[in-house]
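The structure appears below as structure tokens.
The values are calculated or read from the model by the stated rules, or taken from the named source; none is laboratory data. The shown structure was predicted, so the numbers you read here are calculated from the model rather than taken from an experiment. Cβ placement follows ideal geometry from the backbone for every residue including glycine, while neighbour counts extend to all protein chains displayed. We work out accessible area using only protein heavy atoms, side chains counted, and drop any ligands, DNA or RNA first. Shrake-Rupley method; radii C 1.70, N 1.55, O 1.52, S 1.80 Å.
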Amino acid sequence: MTGTLPSPGVIEVSSWTELQETLYASSWKEPLGRFRSSFAFRGLSKAEHSLETSLTRLGGGGGELERHILRNFRKYAQREAVPHDSVWNWLAVAQHHGLPTRLLDWTYSPYVALHFATERVDLFGTDGVIWCVDYHATNQALPERLKQELAEEGSDVFTAEMLSRAAPTLTEFDALATEPFVAFLEPPSLDDRIVNQFALFSLASGPDVRLDRWLAGRPGAWQRIVIPARLKWEVRDKLDQANITERVLYPGLDGLSRWLKRYYTPKPSDQG
């Protein structure tokens, strides 16, 4: 049982209850006798937003840009910024601090994804979306060397150490297969923000690989859950009551300020 959602494609939910049922669909794992989802979730404030990386959005040649950006990041950052000096740790740290990389941010938590789909009050007039990707299913397209690493560890996602054993450099990683593939990387617990956001990253086998286009050929491995604009205020209020807020997800005074600013933003009269 892979945990693949039963109706791959796009679902527009109409209520909070339907949203919960859809987010947790197929999380039951019969061999374990537990509800253990194999989905990664990514929430976006606008439903039309793609799965384009920050590196791709820079434009130009992704490969050359990536090499120069990451080399200079490693050169100028403090050495204690990473737990171990591997390209995978550096890549995770760079993404975490806003450097354009080939990584995309995901979370194991559907509620954290819902937060990111509803944190922009100025976009409450437009539909949001939650991307759900079954990493157990996408792992079937991995090259054999990476499948072997997962099997030996009994895992469905990689750590930096696992990737370092299979491919110490980005060039070696990209060369593991002739066809594009996507792995999921769980970063080290660099700070409370990564821990509280239950974070993981998608990692494509090339700086210019578009994950949404790659997923288009694998309909059983993903789902897009559209949150209509009219439902956003209800979702946001219930997340706040569940303590899924900026104060928790961005620990510190900056997160506290972001939470209070949003929480006390009045609801426009034309939005019911």
Q: Go through the range 68-81 residue by residue and tally those that are free of Cβ contacts under 8 Å to residues at least 12 places away in the same chain and either charged (D, E, K, R) or open to solvent by less than 30 Å² (accessible area, probe 1.4 Å) (or both).
A: 4
Q: Consider Asp270 carefully, then state whether it is modelled with pLDDT of 90 or more and over 20 Å from the mean Cα position of the chain (by Cα).
A: no
(Q) One residue is enough: does the range 155-164 have a residue meeting the conditions among the aromatic types (Phe, Trp, Tyr), under 20 Å from His96 (Cβ atoms), crowded, with 20+ Cβ neighbours inside 10 Å and modelled with pLDDT of 95 or more? (A) yes
**Q.** Hits in the range 112-144 - residues which are hydroxyl-bearing (Ser, Thr, Tyr) and touching a Phe, Trp or Tyr at 6+ places or on another chain (Cβ under 9 Å)
**A.** Thr118, Tyr135, Thr138
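Here's the yes/no breakdown for (1) farther than 24 Å from Glu186 by Cα; (2) at pLDDT 90 or above:
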residue	(1), (2)
Leu19	yes, yes
Tyr24	no, yes
Gly33	yes, no
Arg42	no, yes
Leu55	no, yes
Arg74	no, no
His84	no, no
Leu91	no, yes
Q) Can you tell me which of Val133, Val93 is closer than 19 Å to Thr159 by Cβ, in contact with a helix residue (DSSP H, G or I) (Cβ under 6 Å, 6 or more places away or on another chain) and among the hydrophobic types (A, V, I, L, M, F, W, C)? A) Val93
Q | Residue count for the range 178-197, restricted to those that are more than 19 Å from Leu91 (Cβ to Cβ) and either buried (at least 17 other Cβ atoms within 10 Å of the Cβ) or of a type outside the set (Val, Ile, Thr) (or both) | A | 3
Q | Residue tally, condition farther than 17 Å from Ser27 by Cα and either in a helix (DSSP H, G or I) or aliphatic (A, V, I, L, M) (or both), over the range 136-156 | A | 14
Q: Filter the range 238-261 down to residues that are more than 23 Å from the chain's Cα centre (by Cα) and closer than 21 Å to Ile130 by Cα, then give me how many there are.
A: 1
Q. Would the range 218-229 turn up any residue that is over 29 Å from Ala92 (Cα atoms), among the hydrophobic types (A, V, I, L, M, F, W, C), touching a Phe, Trp or Tyr at 6+ places or on another chain (Cβ under 8 Å) and open to solvent by less than 60 Å² (accessible area, probe 1.4 Å)?
A. yes
Q) Which of (1) open to solvent by less than 50 Å² (accessible area, probe 1.4 Å); (2) over 19 Å from the mean Cα position of the chain (by Cα); (3) free of Cβ contacts under 8 Å to residues at least 24 places away in the same chain does Trp90 not meet, given it meets every other one? A) (2)
Q) Among the residues of the range 38-55, is there at least one that is touching an Asp or Glu at 6+ places or on another chain (Cβ under 7 Å), touching a residue at least 12 places away in the same chain (Cβ under 8 Å), more than 30 Å from Arg258 (Cα to Cα) and surrounded by 15 or more Cβ atoms within 10 Å (Cβ to Cβ)? A) yes
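Of Thr22, Thr118, Thr101, Thr126, which residue is touching a residue at least 60 places away in the same chain (Cβ under 8 Å) and surrounded by 21 or more Cβ atoms within 10 Å (Cβ to Cβ)? Give the derivation first.
Values: Thr22 fails: surrounded by 21 or more Cβ atoms within 10 Å (Cβ to Cβ); Thr101 fails: touching a residue at least 60 places away in the same chain (Cβ under 8 Å); Thr126 fails: surrounded by 21 or more Cβ atoms within 10 Å (Cβ to Cβ).
It is Thr118.
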